[in-house]
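Shown next, in structure tokens, is the structure this report addresses.
Any read-out appearing in this document is the output of simple, stated calculations on the displayed coordinates, not a laboratory observation. This one's a predicted model, so the numbers in the text were calculated from it and none came from an experiment. Don't worry about glycine lacking a Cβ; one is built from the backbone with ideal geometry, like all the others, and counts go over all protein chains shown.
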Amino acid sequence: MMPASHSATGFVPLEPEHIAVSKSKGIKIDWKDSHRSEYSLRYLRDHCPCATCSGAHGTEPVKPEYATPFQMYKPTLKMLGVEPVGNYAIRIQWNDGHDTGIFSWEYLRRICDCPECTGEVR
Ligand SMILES: [Zn+2]
Ligand SMILES: [Zn+2]
């Protein structure tokens, strides 16, 4: 668990102010602390937090697109739908049949790929 180190004053809950979903491009989130995150489809799919994709059962995460000679038959990655889970997460349904990945706000913020979050601020 994270230590509760935030101060009582000025604390902004880690929640999206606005979410923009493009099923063929990705997701953009404006956070309540005025941070902005952008996630491409491929980035989200590669960071699917479910047990199957993260290899939680002790198996290596499967990346079939690098192993199969049939990748030309692989359809372009798309989201079929995004549905809210409670008020803390979203569940993404992919066109490859996968729909068990639940992306919590906390997780999405953690995988934010912007220069500020990845430590590449100049
Ligand atoms: Zn998954
Ligand atoms: Zn960020």
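For this structure, a couple of remarks:
- For C50, residues with placed amide H under 5 Å, excluding near neighbours: I102
- FRET efficiency estimate (nearest 0.05) - Cβ-Cβ, I111 to Y88, R0 22 angstrom: 0.90
- Each label was represented as a point 7 Å from its Cα along the Cα-to-Cβ direction; for D33 and K78 these points are 3.6 nm apart.
- Förster-model FRET efficiency, 35 Å R0, R42 and F11, C-beta, rounded to 0.05: 0.55
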